[in-house]
Amino acid sequence: KAWRRNWDNIIPFFSYAPEIRRAIYTTNAIESLNMSVRKVTKNRGSFPNDEAMFKLLYLAFRNVSKTWYKAVPGWRLALNQFSIIYEGRMPVM
């Protein structure tokens, strides 16, 4: 039922090249970042002010970005496909 209900939203996804589809559905990095943010904020009931919250998030992003050493597999191919589809918007690699 879910496929049929969302068919108009699903079909455009399959019109993209496989490299682009992989870039679209690969969300592990985003989920990992969200988990890191939840991890540092879950025990905080509230923040005394906005600056305290921004400082905590800054430190969390700084710490998690140290682990970002691995490139997305096939990103160069996806980037080239994006540059063909969206000519003039993306740099050609």
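Worth a mention:
- Any chance GLY45 is small (Gly, Ala, Ser) and within 30 Å of TRP3 (Cβ to Cβ): no
- Number of positions in the stretch 1-48 that are open to solvent by 80 Å² or more (accessible area, probe 1.4 Å) and among the polar types (S, T, N, Q): 5
- Subset of the stretch 54-93 that is closer than 30 Å to ASN43 by Cα and among the polar types (S, T, N, Q) - its residue that is least open to solvent (accessible area, probe 1.4 Å): SER65
- Subset of the stretch 1-41 that is touching a residue at least 40 places away in the same chain (Cβ under 8 Å) and among the aliphatic types (A, V, I, L, M) - its residue that is farthest from ALA60 (Cα to Cα): ALA17
The values are calculated or read from the model by the stated rules, or taken from the named source; none is laboratory data. If you're wondering where the values come from, they're calculated on a predicted model, not measured in any experiment. A quick note on method: Cβ atoms are made from the backbone with ideal geometry, for glycine too, and the neighbour counts reach across all protein chains shown. With ligands, DNA and RNA removed, areas are computed over all heavy atoms of the protein, side chains included. Shrake-Rupley method; radii C 1.70, N 1.55, O 1.52, S 1.80 Å.
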